[in-house]
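The values are calculated or read from the model by the stated rules, or taken from the named source; none is laboratory data. Owing to the predicted nature of the structure, the values given are computational and were not obtained by experimental measurement. Backbone-built Cβ (ideal geometry, glycine too); neighbour counts: all protein chains shown. Note: areas computed on protein heavy atoms with side chains; ligands, DNA, RNA excluded. Shrake-Rupley method; radii C 1.70, N 1.55, O 1.52, S 1.80 Å.
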Amino acid sequence: MGDSRWLIRSQSLVTLAAGMIYPYYLLFLKNLGNSYSKYGLAFAIFTISSAAASQWLAGRLDKQAHLILFSSSIGMMLAMLLFPWISSYTQVLIVQLAMGAFNAMQKTSERLLLADTTERGARGHTIGSYHFWTSIASGFAVLLGGYLIDWLTINALFYASAAVYGFSAWAVWRNRTAN
């Protein structure tokens, strides 16, 4: 069993990065797609690629969870850096495909590492703390994104989100030998 504080911190950063851009990312997708069906297709590609990637990752998680978690934050950071440069719906679909895979990498490795830092019969406190801090980060992110978008462009918000994903990757890398 290990210390879960680094995981809680790094994944609170991921939640912050995702939450501060998410409402504006949805508008970005809708505006680029020009229809709800195109928006639906883009989101479906995200979720289906996430599902497929989780199956591919399953056999690799036990030995490579830290590397997978690190890579997911780096991947999302790169995706956020690319979004302001997207100029076609086809490019959106390609980035959505990659983001779905990064999402699966984050979710599956996060859960495995959380389980690894807890002990059967004594998981409640750690899981409750994890949920509390990541939820606080999510709420703060939406507020922060709303205030920032008033002063910044949506592109700047994507770049700020990328920086937070980068901090998360750093936190995971720093603790790669924690377990």
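Computed values, structure above
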| read-out | value |
| --- | --- |
| Per-region count, segment 117-131, residues open to solvent by 70 Å² or more (accessible area, probe 1.4 Å) and touching a residue at least 24 places away in the same chain (Cβ under 8 Å) | 1 |
| All positions within segment 80-94 that are surrounded by fewer than 21 Cβ atoms within 10 Å (Cβ to Cβ) and either assigned to a helix (DSSP H, G or I) or of a type in the set (Asp, Glu) (or both) | Leu81, Leu82, Pro84, Trp85, Tyr89, Thr90, Gln91, Leu93, Ile94 |
| Residue list for segment 143-161, filter: open to solvent by less than 80 Å² (accessible area, probe 1.4 Å) and of a type outside the set (Phe, Trp, Tyr) | Leu144, Gly145, Gly146, Leu148, Ile149, Leu152, Ile154, Asn155, Ala156, Leu157, Ala160, Ser161 |
| Segment 35-45, residues that are in contact with a helix residue (DSSP H, G or I) (Cβ under 8 Å, 6 or more places away or on another chain) and either open to solvent by 30 Å² or more (accessible area, probe 1.4 Å) or modelled with pLDDT under 80 (or both) | Tyr36, Lys38, Tyr39, Leu41, Phe43, Ile45 |
| Out of Leu113, Leu148, Leu157, Leu69, sole residue that is of a type outside the set (Val, Ile, Thr), closer than 19 Å to Trp173 by Cβ, modelled with pLDDT under 90 and touching a Leu at 6+ places or on another chain (Cβ under 7 Å) | Leu113 |
